[in-house]
Structures are given as C-alpha cells and as structure tokens.
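Remarks on the structure that follows.
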Amino acid sequence: MDQFLQHLINAAALSGTYALLGIGLTLVFGIMRVVNFTHGEFYALGGYAAYGFVVLLKVDFFTSLILAGIVGFAIGTVVEFVLLRRRLLSDIDGVMLIMIGMMIIMQNTEQLLWGGVAKLVPSPFSQEPLVFGAVSIAPIRVFVVCAAIVLLAGFYVLIERTRLGTAMRATFQDRDAAAMMGVNVSAIYTLTFGMGAALASVAGALLAPIFVVNPTMGDLASLKAFAIVILGGLGNLPGAVLGGIALALVEEFGAGYISTDYRDALGFLVILLVLMVRPQGLFAAKERIG
Amino acid sequence: MSAVLMEHAGAQAAPAQAGPVLALEGITMNIAGLIALSGVSLSVARGRIVSLIGPNGAGKTTAFNVISGYMRPTAGRIMLFGRDVTAMAPERIAQQGLVRTFQRTSVFGACSVLDNVLTALHLQGSSGIAGILWRSRAAVREEARLRERAAEILDFVRLTPRANELAASLSYGEQRLLGVGIAMAARPQLLLLDEPAAGLNPSESDAFKELIRAIRAQGITVLLVEHDMHVVMSISDHIIVLNHGQVIATGAPHEIQQNAEVIRAYLGSGMKRAKA
Amino acid sequence: MDLFSRNSWRGFAAVLLLATLPLWCTDRYVLSVATSIGIFVIAAISLNLLLGYTGQLSLGHAAFFGIGAYTSALLSLGFDVNLGIVKLVIAPKPVWIAFAGAVVVAGLSGWLIGKLAFRVRGAYFVVVTISFAQVARLVALNWIDLTEGPMALNSIPPLSLWVPGSGVMPLATKAAKYWVVLVFGIAAYLLVARLVHSRIGRALVALRENESLARSVGISVTHYLVIASIASAAIAGCAGALYAHNVQIVDPDVFLFVYTVTMVIMVIVGGKGTLAGPVIGGILFGAFPEVLRDVARPEVQWIIYGAAMIAILVFLPQGIVPALGRWRWFRGRGAAAVPAVSVVPSVRAGEGA
C-alpha cells in the first residue's frame, strides 16, 4: 500500500510537467496542424538555458525559469517566421520534414556548444525529502507541480478570457472564418508556435534539477509529448492535461510493478495500443469521415 | 463512338432487371447534430439522365457522398442494381459499377493526362505482382490493351492533344473533362457527376452537355448534381429537388419548372428563365 | 524522371563503372565505404517506395532495417531463448536461409505497419512508425537473453557462394562483399522500377496524389498500402541482412532514429518519387561523412545535413534528380516518363465534330 501511495505521489509530481509538454504540442497541432518534431528540442533548450543562467550566469533559479520561457518563445517565433510561414497549409509532409531538419540542427548545435557530457543544474531547494507518513517527496518536485498548475491556470485564463485567446480559439476551429472576422491568422500562428516553444522550454527548465541536461534529452521528451497528445487527442487542450496525467500514471506504475528497464518504452506501447483501438485518441470527439 | 467502347457498354449491361439502377430508402444523415438528410427516398431509372437539384445547403453533396460510400448514413438503405450497398467502401461500390466524379481536386495532379486515365483503368486489369516482376506475356499484353483503351477514352473526352502533359497544368475546363474521362475508365453503369458545369463558360457547358448525352448513348445511367439551370433543364429526363435535406419534388423538367414549392425554395431565381 | 532507364547509355555506363570498381580501385577502405554506401542506397530505395511513390510519411524505417539485420544474424548464429514456459532453441542456419528469413520477417513487420496505416492516418501514422522503431530498439537493448543487448551479436558469418569446383566459398574479401551488395542494389532498383511502371505502381501513386479519387475508381486503400509496406520493408530487411553479414556485428544502435533520418534525407534530397533519387541521395550522403571526416566534426556535419534538407525542401522541393532533369544536358531518350500515345482512329457514329 505504501509503495502504491509513493508511486501515486511520484506520478502526480510528474504529470504536471507532462501536462505542460502536452499542452505546448497540442496547441501547435490544433491551431497549425503541424506535427512539431522540434518540441523536444525546445524542452532541451529550456534545460540548457536553465544551466546557462543558473550555473554560468549565477541567476537564481526562479528568474531563470522565466528567462528560459522567454528564450524559448523568441527562438520559436523566429523558427516559425523563417521556415513555416508560407508553406504551412499546402504541404503538411514538407513541414514535418522541415521540422525534422530543424530538430537535427538544434540538437547538434547544442552538442557542439555544450558537449555531450550531462550538465547538472542545482536545485534551489534542499535535497531533504519531505516526508508524509510512509511517502516522501523531494521539495523540488512539489515546486514543479505547483509551478505547472500555476502555468496551466494562467494558460487557461489566456485562452478563455482574453481577446487573444478568443482569436486563437477561432483560428483553431475555422481558420478561414477567423480570417474573415479580421483575425490576423499569420500573427496567431507565430504567437502560437512561440507559446508552444515557451511552454516546452519552461518544462525543460523546471525539470533540469531533477533530470540531467544532455543533448539527447529532447528525443525522449518529444516522443513522450506525442504519447501524451495522442492519449488526449491531437488538438484537444483539456485532453493534453488528462493525457499527461495518464502517461505519468502508466510510467510510474509500469516501472514500479512491471519493469524499470522498459519504463520509457511504456509510452510508445501506449501510443501503439491506443491508436490500434481508438485511432483518434482516448478523449477526442469522434471525427467524421469522408 | 469507338467500337470497343460501345462493346463495353453492352457487355456490362446487368441481367435484365426492371427495377431502378439506384434506390435510396429513407436515408437520414446526421452530421454532428445537424440533420443533413432526412428520410430521403428516391430512385434512378436505367438509361436516364437524372438531375439532383436544390438550393445551397439542401444536402445534394451529402447525398452524393452517402451514395458513393464516402459517408455512412445514420439510417436508411441504398440499393444499387438491387444490391444493398449501404455499408460498402467506395472502392467496392466502384467495383459494383457506380463511379462518381469530384467537384474539386478531380485529377491526379502530378501524373500525365494519359497516366490519369491509365490509373483509372485499374479495375480493367488484373496482373499481380508475379506477372509484373517477371514481365509475363499476359502482363505485357494487358498493359498494351490498357494503353489502347486509355487512348480511346482520351479521344472520347477530346483531350488527346494534352496526353503527355501534367494534369495539374490543364485548364479548369480541361480538368473537368479529364475527371469525366477518369470516371469513364472505371466502366460505370451508373455515373455520378458532381456539378460538372460549375465554373464553365457557356460554350464549355454546351460541350459538356453533348458529352453527357454521348455517355447516355452508351447505355450508362447518369445522375448529376448541378446548379446551372440551363444545363439541368435541357438535358435531364427526370429531376429530383432537395431542400433542407428532404425531397420536395420529382418529375420531368417542365413539371418542376411549374412546381410552386420548388419555385418558393429557389425564390424564383433563374428557374423561370431557363427553358427546357 | 528515369535517369537510368533501361535503354539509356547512361545506365549501362554507370553499371559498368560500378561493376569494375574493385578492379581499378584497390584501396580496401574505399571499397568498404562503397559497400556501405550501397547498403544505404538499397535502404533508401526501399523507403522511397513507401515515402516517395505511395506518399506515406513512414519515419520508422530503421525498424525494418534492424529487424532484417537481427533476424539474419540470429538465424545464422543460432540462438536459444527462454520464453517463460518453454525454451526455444534454434541451431545455426546456412547463411542464405538466414538471409531469406530476414527478408520474410522484415516483410511481415511491414505487413503489420501497413495494416495499421489504414486505421491511423496522417500525423498519427508518423508517430506510430517512430514509436515502432523505438520499441524495437528498446527490445533489442533490454531482451539480453535473445539479442545480447548492448554487447551486440558478434562473429556473424559472411555470405557465401557455391562455386563449381571449389565448393562453398565465404565471401569475405572486401571486393566480394562489394559485388554482393552491388548485385542486390541493381536487383532492388530493377524490382522497384518494374513495380512503379505497372498497374500496381499507378495505384500506389494514385493513393499519394488523390486518395478519394483513387477509391472512386476502385483502388483499395488498405490493399495497396499493405503491398507497398511489405515490399518496402522486405527490401529494407534485405539491406539490413546485407549489413549484418558485411560488418559482422549487430547492436541495438541500428534502430536509432538518426538512421531513419539519414534515409529520409537521402530520399528527399535525391528526389522522392523518382527512381534515381534515392541512388543519388544515397551516394551523396553516404560519401559526405567520409569526405568531411577531417574537415568537420560529426555535429557540424549533421548541422550541414539538416540545413541541406531544409534548403532542398524550401527551394527544390522535388529534389535534385528532377531538377537535373530540367537541366538540358541530362535530357535524353530516357527522360520521357510517358511514351507517345498511339491514337486509335475512332469512328464516331452520329457525333458532330
């Protein structure tokens, strides 16, 4: 029972970041229909930004989080503006391939700049785990969950209560109608991509003290993000949160009770199983065919 | 008409059946809460040119999609040559003899015009992987036969001069013609034309009317969705009128022109001016 | 666009040049690089069938390659594995049996992916194929009982040839290995060429160009997606098996995403949907690492490759081969993709002009 609770707590802590990863990816897909292979690279970028700010520039961790988000946003908007602008709707496959090319460039640039050795970002909290009865949790993980909740709440407010959010939702539902209503669709695209990148970067920075920072951390993050959004349904925002929680649970309990070696494989197996049974994701509304 | 094309029409004629080639029985189509079709029943008699008309949003395209298998109806049955095809996939329905054209993206853009028709002759060939890889005599002969037929079809739709050009480089009117050629290659007994005259100028429309009549002359039944009343009134044997997903009138062109409900649905626009 | 069409002098000249390579170039290192390039070209040709001709963005191709490599290695080495209730023991098989087995097993995994592709379209399919390769890698890494995990399968026997008079001879020299790969390379090229210029090939292209239209003329989507998948996977498995018997070591790194990406870059830059595209792309990106070896670090090389792919996608989306085709020097008899139409004189009864 204790083990079960511990796994539950760990999963709860993990699901915050996974939800952030998922939201970023599903946002970009929902609005722009782009399968963003660079998503994981922005996650890695966030991790390295955190390293750079905290360790090299001696900025405190919390400010670094914000800075990492800004860096992610900036680079994301540039990428979108330069590469994706004109060809988005005509050639989905081409866009996916461009994203893969960009992923290679980003990953190898990081390797070139920082080397392949993993970097450690020190946690701003003590290493002493907080103990509640039989379960324990590191303070940083608690912070991660709180930060994730704050970000998700802020994001929700943005989407539901602001004019920008309304414009984004309109573009999401019907691009052409939104354009006719006066929405600057190109600007929305750039902003959306930037926001998705920023969310991934913040997730990477948040997790930097927990997991190490290395150039290939993006690969796994990308694939987990895909698992999350597929679970929740591509383009489904609340689904991404639920998907994040679901994946965290699957991983924690799978690793705990089945095998730790295959922990990362669980995400992929989940993808394969879900798509075989319900090709549109678990929480998505059924789409019409034809 | 080329002797070979005539022969195909005769050979394809189903065993004599008095019944309609196509019958819809109580078709209802519910799309995400919107009732696009409601209890639609209609039939198309053999060898006729039948037009399906109605104001925008009446459900004509939905009806086409349902008939040709691209959408599954919420309720009702579709009978094709006496067979229930309601749940059939589009490619199976094509094998049964129903072929449809598309209004937009009606060609294989990156292929040559000849290759477009050759591709559409798919059902006319049967060579398998082994025959193809080893270049068996049967496979080679079949390929030659298909190329000959493709040339004839191009001739029929008058696109022979454009045979080696990319389909994407054709003019809009030529692409519509190619679309018909593609459909004809699949040997339909019932041909569904989706707004064939849309976007065509008057002389192109006239050429299309001739083409449709020539198709009927081969024994092929034609069902078309169309907005151009001149075309509809002049070539149709029979007209079915849809409005708000329901059949509101059927009959010969002159009957439809005088039908009060139809006129109301269209608010008189263009209807009275079109002559049979 | 068929730069190496059968009647083309260019094709013959190229084959002649390649066949005699070991005779006029005795540098063993160059030969082994050429052999590697050949294997990559075969893999690229297989990916092109699925990606270029059928239009399926399958990004797990390394999986088929790796499955072919592992199957051939395991069958030729023999293995025993504990399956819980029973212990499976397979004795070492003759090399060509193992090779055939590899092609069959790879083809089967292609069948699986093909079946899945129809249910799962677009972006989801891409993710599924990537996941498939990752699962394969993790299995190869962790199922040590079967695959030796990161310790790799060693001492894989080379392919052999029965020579009248001398019996069965192992093809162990660099030259022999090169020729084997060359033969399979030409076979793969011809196989794909025959396939795409046939009724089946037209059906595949139809699915890529306009799936709804293809269905309306009776082309079954699942059927042809599966055919394309099986053929593509089988050829990739063949390349994988060649790899296993060539370098004689196989480890889980064969499943790495980076190898799939390499194949994709080869096909895209060379020219997807053309026969010569993967060949040119394969040669270019197989040779670049060697040429750039002393000039640039691997990371820099990869940045260049990534940038090259993006540049091609932006400026020359069709790839190099079609662009060359537009360049007059490359035009020749072999350039016409469609033969002249023979118009059968038609007698039109009762029709006006």
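The values are calculated or read from the model by the stated rules, or taken from the named source; none is laboratory data. Worth saying up front: this structure is predicted, and the values here are computed from it rather than measured. Glycine also receives a Cβ, built like all others from the backbone with ideal geometry; neighbour counts cover every protein chain displayed.
Data table
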{"read-out": "One residue from A:234, A:223, A:206 being crowded, with 21+ Cβ neighbours inside 10 Å, under 14 Å from the mean Cα position of the chain (by Cα) and not in a helix (DSSP H, G or I)", "value": "A:234"}
{"read-out": "Among the candidates C:47, C:51, residue that is in contact with a Pro (Cβ under 8 Å, 6 or more places away or on another chain), at pLDDT 85 or above, in a helix (DSSP H, G or I) and of a type in the set (A, V, I, L, M)", "value": "C:47"}
{"read-out": "Positions within the range C:57-93 being touching a residue at least 12 places away in the same chain (Cβ under 8 Å), surrounded by fewer than 17 Cβ atoms within 10 Å (Cβ to Cβ) and at negative phi, in sequence order", "value": "C:81, C:82, C:90, C:91, C:92"}
{"read-out": "Test for residue B:105: is it of a type in the set (S, T, N, Q), in contact (Cβ under 8 Å) with a residue 24 or more places away in the chain and within 28 Å of residue B:72 (Cβ to Cβ)", "value": "no"}
{"read-out": "Check on residue C:172, part of a loop (DSSP other than H, G, I, E, B) and either in contact with a helix residue (DSSP H, G or I) (Cβ under 6 Å, 6 or more places away or on another chain) or more than 14 Å from chain A (Cβ to nearest Cβ) (or both)", "value": "yes"}
{"read-out": "Residue satisfying condition, being farther than 12 Å from residue A:31 by Cβ, of a type in the set (A, V, I, L, M, F, W, C) and either surrounded by fewer than 19 Cβ atoms within 10 Å (Cβ to Cβ) or at pLDDT below 85 (or both), within set A:178, A:138, A:197", "value": "A:138"}
{"read-out": "Residue within the range B:180-199 that is over 24 Å from residue B:46 (Cα atoms), away from chain C (no Cβ under 12 Å), small (Gly, Ala, Ser) and touching a Phe, Trp or Tyr at 6+ places or on another chain (Cβ under 9 Å) present", "value": "yes"}
{"read-out": "Members of the range B:196-245 found to be under 20 Å from residue B:159 (Cβ atoms) and assigned to a loop (DSSP other than H, G, I, E, B), listed by number", "value": "B:196, B:197, B:198, B:199, B:200, B:201, B:218, B:220"}
{"read-out": "Pairs where the first residue, in the range C:215-230, is without any contact (Cβ under 8 Å) to a residue 24 or more places away in the chain and the second is basic (Lys, Arg), C-beta under 7 Å, 6+ apart", "value": "C:216/B:100"}
{"read-out": "Selection count where residues are surrounded by 21 or more Cβ atoms within 10 Å (Cβ to Cβ) and within 13 Å of another protein chain (Cβ to nearest Cβ), scope the range C:282-302", "value": "2"}
{"read-out": "Checking residue A:53 against (1) within 14 Å of chain C (Cβ to nearest Cβ); (2) at pLDDT below 90; (3) surrounded by 16 or more Cβ atoms within 10 Å (Cβ to Cβ), the condition it does not meet", "value": "(1)"}
{"read-out": "Residue among C:321, C:291, C:254 that alone is out of contact with any His (no Cβ under 7 Å at 6 or more places or on another chain), farther than 26 Å from residue B:129 by Cα, free of Cβ contacts under 8 Å to residues at least 12 places away in the same chain and hydrophobic (A, V, I, L, M, F, W, C)", "value": "C:291"}
{"read-out": "Single match in C:217, C:267 (criterion: within 11 Å of another protein chain (Cβ to nearest Cβ), under 13 Å from the mean Cα position of the chain (by Cα) and farther than 30 Å from residue C:143 by Cβ)", "value": "C:267"}
{"read-out": "Residue ID - nearest to residue C:39 (Cα to Cα), chosen from residues in the range C:219-270 that are among the polar types (S, T, N, Q) and surrounded by fewer than 22 Cβ atoms within 10 Å (Cβ to Cβ)", "value": "C:248"}
{"read-out": "Residue A:241 touching a helix residue (DSSP H, G or I) at 6+ places or on another chain (Cβ under 7 Å), buried (at least 23 other Cβ atoms within 10 Å of the Cβ) and at pLDDT below 85", "value": "no"}
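Rundown of residues vs (1) over 30 Å from residue A:97 (Cβ atoms); (2) at pLDDT below 80; (3) surrounded by fewer than 23 Cβ atoms within 10 Å (Cβ to Cβ); (4) of a type in the set (D, E, K, R), yes/no style:
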{"position": "C:114", "(1), (2), (3), (4)": "no, no, no, no"}
{"position": "C:122", "(1), (2), (3), (4)": "no, yes, yes, no"}
{"position": "C:133", "(1), (2), (3), (4)": "no, no, no, no"}
{"position": "C:147", "(1), (2), (3), (4)": "yes, no, yes, no"}
{"position": "C:164", "(1), (2), (3), (4)": "yes, yes, yes, no"}
